[in-house]
Amino acid sequence: MSKLENYVKITSPIPKKLCKKIITVLKNSNWKEHTFNYHDGSVNKKRDTQPCKSLHDNSKHSQELMALLHNEIGNYIDTINSPYFTGWNGYTTLKYNKYYKGTLMEKHWDNIHTMFDGTIKGIPTLSIIGLLNNDFKGGEIEMFENTKIKLKAGEILIFPSNFLYPHMVCPVTKGTRHSFVSWVY
């Protein structure tokens, strides 16, 4: 494998029934504005974009979803078949994102460090983005100089968490986009 795109994988491990259940369970949760933590210690530098809402959750439905992700992480590692990436220590609790019309996730790369300042030690090696619904427009994931990836409900996107994979979630133009993220370390 030599092309960066070869390390970006889409799979469909999540039953649509579970996707709908998670959206229902989280509907009345305490959603907060998404924030970026920067390496200079600042949080949410001035931006011209409207961020999504975020929520960490470890309910029984989230644990069911995380069990499905566990298998997909192993499959990903087997598929890329790299002598340099043969294992992993764990993955973070799910973080759900809710994108209303006009919201997005600005372009970034997943150099997440705040999650690894406490009891979890490591660096993010893989990023996982999953989609829970289809009843919205816009919200594509953009990578590689304007390549747009449109996930379907129940699909996950797995890719390396480094500076070679900057990505963004394009603005949602209609409806509400429900998704989740996790990072493998």
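Tabulated data
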{"read-out": "Scope segment 128-146; condition more than 12 Å from V172 (Cβ to Cβ), in a strand (DSSP E or B) and not hydrophobic (A, V, I, L, M, F, W, C); matching residues", "value": "G130, E142"}
{"read-out": "Residue within segment 93-103 that is within 17 Å of the chain's Cα centre (by Cα), within 22 Å of E5 (Cα to Cα) and touching a residue at least 12 places away in the same chain (Cβ under 8 Å) present", "value": "no"}
{"read-out": "All positions within segment 1-21 that are assigned to a loop (DSSP other than H, G, I, E, B), out of contact with any helix residue (DSSP H, G or I) (no Cβ under 9 Å at 6 or more places or on another chain) and either modelled with pLDDT of 85 or more or of a type outside the set (S, T, Y) (or both)", "value": "K3, V8, S12"}
{"read-out": "Counted residues, segment 1-33 - those being in contact with a strand residue (DSSP E or B) (Cβ under 7 Å, 6 or more places away or on another chain) and closer than 20 Å to S161 by Cα", "value": "5"}
{"read-out": "Segment 58-85, residues that are surrounded by 16 or more Cβ atoms within 10 Å (Cβ to Cβ), of a type outside the set (A, V, I, L, M) and within 20 Å of K3 (Cα to Cα)", "value": "Y76"}
{"read-out": "Any hit, segment 133-145, residues being touching a His at 6+ places or on another chain (Cβ under 7 Å) and not hydrophobic (A, V, I, L, M, F, W, C)", "value": "yes"}
{"read-out": "Extreme residue, surrounded by the most Cβ atoms within 10 Å (Cβ to Cβ), among residues of segment 86-105 that are among the aromatic types (F, W, Y) and part of a strand (DSSP E or B)", "value": "Y99"}
{"read-out": "Selection count, segment 22-53, where residues are among the hydroxyl-bearing types (S, T, Y) and either modelled with pLDDT under 80 or more than 16 Å from H178 (Cβ to Cβ) (or both)", "value": "4"}
{"read-out": "E155, sole failed condition from (1) of a type outside the set (V, I, T); (2) surrounded by fewer than 17 Cβ atoms within 10 Å (Cβ to Cβ); (3) touching a Ser or Thr at 6+ places or on another chain (Cβ under 6 Å)", "value": "(2)"}
{"read-out": "Conditions (1) on the phi < 0 side of the Ramachandran plot; (2) more than 13 Å from the chain's Cα centre (by Cα); (3) surrounded by fewer than 17 Cβ atoms within 10 Å (Cβ to Cβ); (4) modelled with pLDDT under 95; number of the one not met by H108", "value": "(2)"}
{"read-out": "Complete set of residues in segment 102-133 that are in contact with an Asp or Glu (Cβ under 9 Å, 6 or more places away or on another chain) and of a type in the set (G, A, S)", "value": "S127, G130"}
{"read-out": "Residues (surrounded by 17 or more Cβ atoms within 10 Å (Cβ to Cβ) and not in a loop (DSSP other than H, G, I, E, B)) located in segment 158-181", "value": "I158, F159, P160, H167, V169, V172, R177, H178, S179, F180, V181"}
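The values are calculated or read from the model by the stated rules, or taken from the named source; none is laboratory data. What you see is a predicted model; the values in this text were computed from it and never measured. Cβ sites come from the backbone with ideal geometry, for glycine too, and all protein chains shown count toward neighbours.
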